[in-house]
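One structure is given below, encoded as structure tokens.
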Amino acid sequence: QVQLVESGGGLVQAGGSLRLSCAASGRTFSSYGMGWFRQAPGKEREFVAAMSWTGGRTYYADSVKGRFTISRDNAKNTVYLRMNSLKPEDTAVYYCAGDSSGIASMDPHLYGSWGQGTQVTVSA
């Protein structure tokens with residue numbers, strides 16, 4: 001399994017932007033499907049975005065479609081989540097996750113590697 005470390009979270013005003021990064025250790029990162037999930041206080045973890053190992057397939061939650069973009073740089077062992085037009089309801093801890101099967105999945109149970117999370121807070 002790869003080890004994942006997120007960064008880039010913080011406090012931003014509504015309408016602002018952030019870019020989250022998830023750095024992976026291990027030589028097999030390029031074969032992993034990668035996903036982003038989030039969990040707000042008192043709520044269950046929810047899917048945000050996912051990308052297949054080739055980058056050729058992506059999925060987004062309806063709530064972020066058109067505002068968030070997932071991307072990856074296999075040379076840097078890093079996956080990104082660009083978040084634009086942020087809303088207070090985007091406030092959550094954001095987690096990246098890796099799936100060794102290489103597919104892009106919305107199902108958190110398919111991911112075997114998880115980062116520790118990074119806090120994103122959007123003020124009104």
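The values are calculated or read from the model by the stated rules, or taken from the named source; none is laboratory data. Just so you know, these numbers come straight off a predicted model, no measurement behind them. Every residue, glycine as well, gets a Cβ built from its backbone with ideal geometry; the counts of neighbours run over all protein chains shown. Surface accessibility is based on the protein's heavy atoms, side chains included, excluding ligands, DNA and RNA. Shrake-Rupley method; radii C 1.70, N 1.55, O 1.52, S 1.80 Å.
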Which percent of the accessible heavy-atom area of the chain goes to carbon and sulfur, probe 1.4 angstrom? 49 percent
If each residue of separation counts as 0.36 nm, what is the full-extension length gain between residue 119 and residue 57 once their alpha-carbon separation is subtracted? 19.7 nm
If packing is taken as the mean number of other Cβ atoms within 10 Å per residue, what is the order of 87-97, 102-112, 57-67, highest first? 87-97, 102-112, 57-67
Per residue accessible area of the chain, 1.4 Å probe, in Å²: 50 Å²
At a probe size of 1.4 Å, how large is the accessible area of residue 36, to the nearest 10 Å²? 0 Å²
Run the numbers for residue 109 and residue 87: contour at 0.36 nm per residue of separation, minus the present Cα-Cα distance, in nm. 5.2 nm
Compute the relative contact order of the chain as a whole-number percentage, counting only Cα pairs closer than 8 Å that sit 6 or more residues apart in sequence. 37 percent
